[in-house]
Amino acid sequence: MAYVTDCFQNHTLFHKALKEAFEVFCNKTVTGSSSAELLATFCDNILKKGGSEKLSDEAIEETLEKVVKLLAYISDKDLFAEFYRKKLARRLLFDRSANDDHERSILTKLKQQCGGQFTSKMEGMVTDLTLARENQASFEDYLRNNPAAHPGIDLTVTVLTTGFWPSYKSFDLNLPAEMVKCVEVFKGFYETKTKHRKLTWIYSLGTCHINGKFEHKTIELIVSTYQAAVLLLFNASDRLSYSEIMAQLNLTHEDLVRLLHSLSCAKYKILSKEPNTKTISQSDYFEFNSKFTDKLRRIKIPLPPVDERKKVVEDVDKDRRYAIDAAIVRIMKSRKVLGHQQLVSECVEQLSRMFK
C-alpha cells in the first residue's frame, strides 16, 4: 500500500493491479489449509490467553486491523467466518479469551468490512456470555435463598442462544446421580425466570473438578463431563468391562474409545487396564488405579481434540446451497425472465461478497 500511495501517486491502475495480485496468492492453499482457515487460526492465537503476551494493546489492534484488510482479498469469507466462530466459541466457553475489548474490536472491524450479517452471530455469542454471567449470579442467589435446593456440588451453567453458536453434538449421556440432581436444580431455577424456553444440555463442553482419593494423597482432577462420568462409575464397582461402561453411560464407540484412552493409556493413568496395551479394544477390563500419584496436587487430564476441519467445510457447503437458492429466487422475482448465462453471472456477482 505504501508503494502504491507514495511511489505511484495512488493511481487507480496500481490499486487494481495490487488487488488482482493479492486475490491470486491469498486464495492459494498452503500445506493443505486454505488462507481463510489460517487467518482464523492466526486471530485465535492473538486473541487467546498466553497467545499475545508479548504484544502491546496497540500492536494487537494494528495486527487485527491488517488481518481484516487482508480478508478483503479472500474469496471464501464464509469459510473464514465459520472457522473464526468455532474458535471464538472455544475462547469464550473455556475462558481462554485474553481480552473482551479486543474481541469486540475485531468484530467491529469485520462488521465495517463485510457487513452486519457477517458478524451478527459472533456479536450474539459475545453478548450471550455477558448474559450468562448475570444468569449465573442470580442462580447463586437462588441457591443461597433455598438451601434445600442445593445440589451439594458447585455448579456453573452457561446458558446460550441456540442460533448464535456452532452446533455441537449433544448425547443422552447417562449422567451420574450427583449430576442429575444438578440438572434438576438448575431446571427448577430456570423455570422461575421463564416458562417458554427449552434447555438442551451439551455435556461435551462441560468441565468437572473431582477429587481422586489415591493411596498416597488426594489429587484434584480437572476432566471433561464425560471423563468424570466414566470415573464416577468406579465409586460403585471395582472392575468394569468395556461393554459394561458403554451400557452404563450410553455412549458411542468412537467417544468411549477416546475417553478410556485418555484415562488409561495417556500420560495420567487413573484407570488400569487389562491387558496392559496402548490401545483400547472392546474386550478390555478397567480398574481404578489406587496407586496413581503425581507431584502436583491438581492435574488436568486432556482429551485428544477431534479434527473439526471436515465438519466446518461441510457446514459451510450446506449453507452455500441455501444461499445460492435464495439468490436465484431473488433475481428471478425481480427479473421474471432471464437467460441462463445471465442468471449464472448475476448469481455469481451477488454471492461473490461471501464466496466464489
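The values are calculated or read from the model by the stated rules, or taken from the named source; none is laboratory data. No experiment lies behind these values; they were computed from the predicted model shown. Glycine also receives a Cβ, built like all others from the backbone with ideal geometry; neighbour counts cover every protein chain displayed. Only protein heavy atoms, including side chains, enter the accessible area calculation; ligands, DNA and RNA are left aside. Shrake-Rupley method; radii C 1.70, N 1.55, O 1.52, S 1.80 Å.
May I ask you to verify whether E37 is surrounded by 14 or more Cβ atoms within 10 Å (Cβ to Cβ), in the same structural domain as D100 (by the TED database) and not β-branched (V, I, T)? It is true that E37 is surrounded by 14 or more Cβ atoms within 10 Å (Cβ to Cβ), in the same structural domain as D100 (by the TED database) and not β-branched (V, I, T).
Only one of E274, E254 is open to solvent by 60 Å² or more (accessible area, probe 1.4 Å) and either within 23 Å of T293 (Cβ to Cβ) or in contact with a Leu (Cβ under 6 Å, 6 or more places away or on another chain) (or both); which? Show your work before the answer.
Values: E254 fails: either within 23 Å of T293 (Cβ to Cβ) or in contact with a Leu (Cβ under 6 Å, 6 or more places away or on another chain) (or both).
It is E274.
Out of A137, A236, which single residue is among the aliphatic types (A, V, I, L, M), loosely packed, with under 11 Cβ neighbours inside 10 Å, within 27 Å of Y285 (Cβ to Cβ) and free of Cβ contacts under 8 Å to residues at least 40 places away in the same chain? Talk me through it step by step, then tell me what you get.
On the way: A137 fails: within 27 Å of Y285 (Cβ to Cβ).
From the options A137, A236, the qualifying one is A236.
Inclusion of E254 among residues that are modelled with pLDDT under 90, in a helix (DSSP H, G or I) and not basic (K, R) is warranted. Yes or no: L143 in a loop (DSSP other than H, G, I, E, B), crowded, with 16+ Cβ neighbours inside 10 Å and not assigned by the TED database to the domain that holds E314? Criteria not met by L143.
Please enumerate the residues belonging to segment 59-70 that are open to solvent by 40 Å² or more (accessible area, probe 1.4 Å) and over 16 Å from T108 (Cβ atoms). L70 - this is the single residue of segment 59-70 that is open to solvent by 40 Å² or more (accessible area, probe 1.4 Å) and over 16 Å from T108 (Cβ atoms).
Of the conditions (1) over 23 Å from D95 (Cα atoms); (2) more than 26 Å from the chain's Cα centre (by Cα); (3) of a type in the set (D, E), E62 fails just one. Which one is it? Only one criterion is unmet by E62, namely (2). Every condition in (1) in contact (Cβ under 8 Å) with a residue 12 or more places away in the chain; (2) charged (D, E, K, R); (3) open to solvent by 70 Å² or more (accessible area, probe 1.4 Å); (4) out of contact with any Lys or Arg (no Cβ under 9 Å at 6 or more places or on another chain) is met by K333 except one, and the failing one is (1). Listed conditions (1) touching a strand residue (DSSP E or B) at 6+ places or on another chain (Cβ under 9 Å); (2) surrounded by fewer than 18 Cβ atoms within 10 Å (Cβ to Cβ); (3) under 23 Å from I202 (Cα atoms) are all met by K49, apart from (3).
In the set S120, S75, S105, only one residue is of a type outside the set (A, V, I, L, M, F, W, C), surrounded by fewer than 20 Cβ atoms within 10 Å (Cβ to Cβ) and outside the structural domain of A36 (by the TED database); that residue is S120. Screening the candidates N174, N135 for the property of being assigned to a helix (DSSP H, G or I) and assigned by the TED database to the domain that holds L199 yields one hit, N135. Looking across D44, D6, one residue alone is open to solvent by less than 30 Å² (accessible area, probe 1.4 Å) and on the phi < 0 side of the Ramachandran plot. It is D44. Considering segment 277-292, the residues that are assigned to a loop (DSSP other than H, G, I, E, B), over 14 Å from L231 (Cβ atoms) and touching a residue at least 24 places away in the same chain (Cβ under 8 Å) include one that is least open to solvent (accessible area, probe 1.4 Å), namely D284.
Applying the set (1) of a type outside the set (D, E, K, R); (2) in contact with a Pro (Cβ under 9 Å, 6 or more places away or on another chain); (3) over 24 Å from L259 (Cβ atoms) to A228 leaves exactly one unmet item: (3).
With the structure loaded, tell me whether K111 is under 15 Å from the mean Cα position of the chain (by Cα) and either open to solvent by 60 Å² or more (accessible area, probe 1.4 Å) or at pLDDT below 95 (or both) or whether it fails that test. I'd like the intermediate steps shown before the answer.
Values: under 15 Å from the mean Cα position of the chain (by Cα): no; either open to solvent by 60 Å² or more (accessible area, probe 1.4 Å) or at pLDDT below 95 (or both): yes.
So K111 does not fit the description; no.
Here segment 177-216 is the region considered, the condition is being over 30 Å from D315 (Cβ atoms), part of a loop (DSSP other than H, G, I, E, B) and of a type in the set (D, E, K, R), and the residue that is least open to solvent (accessible area, probe 1.4 Å) is E215.
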